[in-house]
2 protein chains.
Amino acid sequence: MSERGARRKGGGRAGRREARNTVATSAPFIERKIPYFEMLSTEALELIEHNADRLLAEIGIDFLDDPEVLELFKNAGAEVEGTRVRFAPGLCRSIIQASAPKSYTQHARNPARSVTIGGKNTVLVPAYGPPFVHDLDKGRRYATIEDFRNFVKLAYMAPGLHHSGGTVCEPVDLPVNKRHYDMVYSHFKYSDKPLMGSVTLDSRAQDSVDMAKLVFGDEFVDQNCVLTSLINVNSPMVFDGTMLGSLKVYARNNQATVISPFILAGAMSPVTVTGTVTQILAEALAGITLTQLIRPGAPVVFGTFAAAVSMATGAPTFGTPEPSMVIYAAAALARRLGVPFRSGGGLCASKLPDAQAAYESANTLQTAALAGVNFMLHTAGWLEGGLAMGYEKFIMDCDQASMIGVLLNGVDLSEDAQAMSAFEEGGPGKHFLGSAHTLKHFETAFYRSTVADSNSYEQWSAEGSLDTAQRANVIWKKMLADYEAPALDPAIDEALLDYMRQRKASFEDRDY
Amino acid sequence: MSERGARRKGGGRAGRREARNTVATSAPFIERKIPYFEMLSTEALELIEHNADRLLAEIGIDFLDDPEVLELFKNAGAEVEGTRVRFAPGLCRSIIQASAPKSYTQHARNPARSVTIGGKNTVLVPAYGPPFVHDLDKGRRYATIEDFRNFVKLAYMAPGLHHSGGTVCEPVDLPVNKRHYDMVYSHFKYSDKPLMGSVTLDSRAQDSVDMAKLVFGDEFVDQNCVLTSLINVNSPMVFDGTMLGSLKVYARNNQATVISPFILAGAMSPVTVTGTVTQILAEALAGITLTQLIRPGAPVVFGTFAAAVSMATGAPTFGTPEPSMVIYAAAALARRLGVPFRSGGGLCASKLPDAQAAYESANTLQTAALAGVNFMLHTAGWLEGGLAMGYEKFIMDCDQASMIGVLLNGVDLSEDAQAMSAFEEGGPGKHFLGSAHTLKHFETAFYRSTVADSNSYEQWSAEGSLDTAQRANVIWKKMLADYEAPALDPAIDEALLDYMRQRKASFEDRDY
């Protein structure tokens, strides 16, 4: 297998050329050139850090069903009492800062699509986890593996997305205990962007790593990150056995985990922004520490998912100011800790790709972009609080993703961009449309939306008075019709298919 | 009339109590507690200032059809050649900084609704200028005075809006040369929030001032700002006679003007952000200078309206990254100049209150909020590049306006908000929904959207599967049905009606 990996690497240059031919050329990730928006002062952040340390020392975190983890913490100097682990102030931070990388490269099977996660970089990733899909033609329905493949293909073709994601939707037509094979395979087969592994059981995490080894080679995987996988904290302040099992597999294999407190504020955390961020920091510190105890230097991301619970109905709400404040605060805390940060995305509660979906998504996307999110899970497709993956919503969000790339690239201050020649050419009352300066730049001057209609009312009417979702419906169908798979070494493809066949045949289907 | 003004002021406390009874209590404007997002460095801003100074000195600005204005500039040391005025580097800045107020209070007829424009304050204002209206029931149609009154009423009732605006839509059923009477009257009659005056002719500006004097008293108006009115620059680098006439009326009467370069970048300005911002600064400097030459100390706002022209179709586009960069840069330049700043709003090109409308609006609203816009014209209602005022769009944008108020209020770091007691009460695995801390705060904890549906799919389906626009449709109708006019002294009302009758009878209707 390492031989196959070596062959793979040998073909890097050809692979890059191929990739340019099949997908619109785009940067593999965003290198930020603008400042962060720092909503909180240093004093405020220090206060939250102090309180998180108090939580860790006085209340502690529960680590369930995993004696090995408790042993690791005990040996590192934490106080263990049953499943409860308490950390002296500063203990987690010192362990993390001794070994956790500030940023890391996640390799894609096409080297031109490898991403650097952390520092000033932003990687935009599809939505994760929805059991349903939604489109204008068939409405809302359970997702299938065909839907899964479709979203992998769409993400591959979207120039604004840098990552293939993980569970872009749940293929509920496949057995629960075997669908991860088809998911990991589909990412490798239908895309050449980096991907996420399974976390629903330790053995499925190991399967993800083993399949990655078939693609990249054993040694390469041991020394390099090829998977970034999502470890949700069972907030408040609990890590369960399933998540710990997957966390251990990935960390041991030197693969990245995103340690993500999963917060519906007011239910899983206090009903205030400050209290919520304090808890998020405490949970993240504990989980990130664990990765470094398992394998010092294993790549790890400080994650945050925060919605606010409606105090009227108990429903999670998105795109409101309080979760935005949580993102601004948590991003700054991750920077101070010195690890990459995950949050944000096109989050919304709407059941449709309508105005609510767009307001809520845009509010969160803008926040995450300005806050400095490094790994933006859920960038595209998310509907209904994450229960549905929307085809039209995906197209709309990808348009926003491309805009984020432009925004983070900042203002061009070059002499040419200062445009003094354009003023000298024209003057008061003279429009610039035909000026030499405009003609030189017009192709690339302004971002052109793929889905917005900015034409006159008359022209828009003549073209059928379509709303945004209807235009997006046309776009995703055309993209899928135009899709061409990136080349995959047939030997690797066959090895992946063999592995799946053998593993699937080795145990019974199960629905859990 | 000054007697009537005095009576008015005498009744201030009662007026305030009344206002609280008729409209949901809300702050009269937003006092910002979070930092600005400074996208550009000091060096970048200095470069733009330097280039703007070069534009003013080397190319200059045209001031058309107004010898008086040319004379004023000449006397102030500018170089006048025909209608072209050139300014030595730093001249405009020094004139402005000698007398223009950093912030000013615009008085509302209800003192509790007076707003302070400038500094760390944000005032959110309805959209301005659309000749059409749009709603789900009747689609798009020409606006009428009934529509105008409806939007004044809706803005009065919206807790997120702080201002009644100006031409909330064009009442095209009234003669062009007389409709300003009904517009100004409707603002005074149906709202007690501050308003904008007419600018379409100098005499109409004077009518606006004279009507304001009937409400506030002559002397009060001479010494205080009661109107903030919009002076668009005829970009690139031209002020026309109409705008100059209105500018002079307002400045002479000590009333505020918003000097707004009106830019479709690539057409009225260079096709780059830096070039566009340079031109905006030059135009604003020249116009603001003029207000101070007419009446030193007259309140004045640095305005910016910037869209990007689609290089494919020539249509203006909104909500894309480049206009956002213009707002961030121009806001910072206005702060450095030391005058209040106007920009932003719920700008969009969409013909419908759909996802495009919402993405574009949210992108601009978020930008304007973080950039530090003081006077946010077009906050609510704008559709179709400003050609239509949408009833449903207005409701949706007002919801966003309220959220901006929460966002700019920042994070509560009080001991109570730190929520350490909530953690002590619960602990790992214990949810917070029933905790004493949550129960104490749940009423006000998180912003509750007026228009979003965050319920389950099942409940949403049972309630008719409405999209956001359909829910907004129900809301505006209910608001108009529930509307109660704020009390207006019958003597003032009669004086305003008398004035209108006399003036309207004194000349013929005209359609220009």
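The values are calculated or read from the model by the stated rules, or taken from the named source; none is laboratory data. This one's a predicted model, so the numbers in the text were calculated from it and none came from an experiment. Don't worry about glycine lacking a Cβ; one is built from the backbone with ideal geometry, like all the others, and counts go over all protein chains shown. To get the accessible areas, we keep the full protein, side chains included, count just its heavy atoms, and leave off ligands, DNA and RNA. Shrake-Rupley method; radii C 1.70, N 1.55, O 1.52, S 1.80 Å.
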Legend entry - Cα-projected label distance for A:R54 with B:A462, points at 7 Å along beta-carbon direction, nm: 4.3
Inset, instruction - Report, in whole Å, the centroid distance computed from the Cα atoms of the stretch B:54-111 and the stretch B:404-483. - result: 48
Legend entry - Using alpha carbons only: equivalent-ellipsoid semi-axes of the stretch B:357-512, gyration tensor based, whole Å: 43, 22, 19
Inset, instruction - Work out how much length A:A481 to A:L497 would gain on full extension: take 0.36 nm times their residue separation and subtract the Cα-Cα distance, in nm to one decimal. - result: 3.3 nm
Legend entry - B:D511-A:A436 pseudo-label distance in nm [points 7 Å out on the Cα-to-Cβ vector]: 4.6
Legend entry - Placed amide H near B:L230: partners under 5 Å, 5+ positions off or other chain: B:G197, B:V258
Legend entry - Residue-count net charge about B:V258 - beta-carbon cut-off 13 Å; Lys, Arg +1, Asp, Glu -1: 0
Inset, instruction - Calculate the mean, over all residues of peptide A:345-351, of how many other protein chain Cβ atoms lie within 10 angstrom of the residue's Cβ. - result: 4
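Looking at chain B, do any whole DSSP H helices span at least 15 angstrom along their long axis by alpha carbon and average -1.0 or above on Kyte-Doolittle, and which?
Correct list, ordered by number: B:42-54, B:145-157, B:202-216, B:241-252, B:273-294, B:321-337, B:355-371, B:391-409, B:468-482, B:490-505.
Is there a simple number for the mean count of other chain Cβ atoms within 10 Å of the Cβ of residues in A:467-474, and what is it?
4
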Inset, instruction - Compute the normalised compactness of the stretch B:451-512: alpha-carbon radius of gyration over 2.2 N^0.38 Å, N being the residue count. - result: 2.10
Legend entry - Solvent-accessible area per residue, Å², over the stretch A:91-150 with all protein chains present [probe radius 1.4 Å]: 36
Legend entry - Over the stretch A:247-316: Rg over Rh, Cα atoms, Kirkwood Rh: 1.11
Legend entry - Inter-chain shielding of A:271-283 (mean C-beta neighbours from other protein chains, 10 Å cut-off): 6
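Could you run the numbers on buried accessible area between B and A, total for both chains, 1.4 angstrom probe, in Å² to the nearest 100?
In total, this chain pair buries about 9200 Å².
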Inset, instruction - Show the residues, 5+ positions off or on another chain, whose built amide H is closer than 5 Å to the amide H of A:N253. - result: none
Inset, instruction - Evaluate the stretch A:67-150: find the radius of gyration of its Cα atoms, find its Kirkwood radius, and give the ratio Rg to Rh. - result: 1.19
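Whenever you get a sec, compute what percent of the accessible area on the stretch B:424-512 sits on carbon and sulfur atoms (1.4 Å probe).
Roughly 54 percent of what the probe reaches on the stretch B:424-512 is carbon or sulfur.
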Legend entry - Per-selection Kirkwood Rh - the stretch B:115-268 (Cα, Å, 1 d.p.): 16.2
Inset, instruction - Would you mind listing how long the stretch A:339-416 runs along its three principal axes, going by Cα atoms, in whole Å with the largest first? - result: 47, 32, 17
Legend entry - Fraction of antiparallel bridges per DSSP, the protein assembly as shown only, in percent to nearest 5: 40
Legend entry - Per residue accessible area in Å² of the stretch A:324-428, where ligands, DNA and RNA are left out and the probe is 1.4 Å: 16
Legend entry - Projected-area average for chain A over all orientations - Cα convex hull basis, square nanometres: 26.6
Inset, instruction - Quick one: plug the Kirkwood hydrodynamic radius of the protein assembly as shown (C-alpha pairs) into Stokes-Einstein at 25 °C, 0.890 mPa s, and report D in µm²/s. - result: 82
Inset, instruction - Check each of the GluC sites (Glu not before Pro) in the stretch B:463-512 and keep only those in coil by DSSP with at most 16 other C-beta atoms within 10 angstrom; list them in order. - result: B:E463, B:E484, B:E508
Inset, instruction - Starting from the amide H of B:A265, placed 1.01 Å from N in the peptide plane, find each other amide H under 5 Å away whose residue is 5 or more places distant or on another chain. - result: B:A307, B:A308, B:V309
Inset, instruction - Kindly provide the helix-only [θ] at 222 nm of chain B, computed as the sum of -39,500 (n - 2.57) over DSSP H runs of four or more divided by all residues, to the nearest 500 deg cm²/dmol? - result: -14500 deg cm²/dmol
Inset, instruction - Using only the alpha-carbon atoms of the stretch B:173-264, report the extent along each of the three principal axes, biggest first, to the nearest angstrom. - result: 38, 35, 22
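Can you list the trypsin sites (Lys or Arg not before Pro) in the stretch A:118-206 that are in a DSSP coil and have 11 or fewer other beta carbons within 10 angstrom?
Those that pass, being in a loop and sparsely packed, are A:K138.
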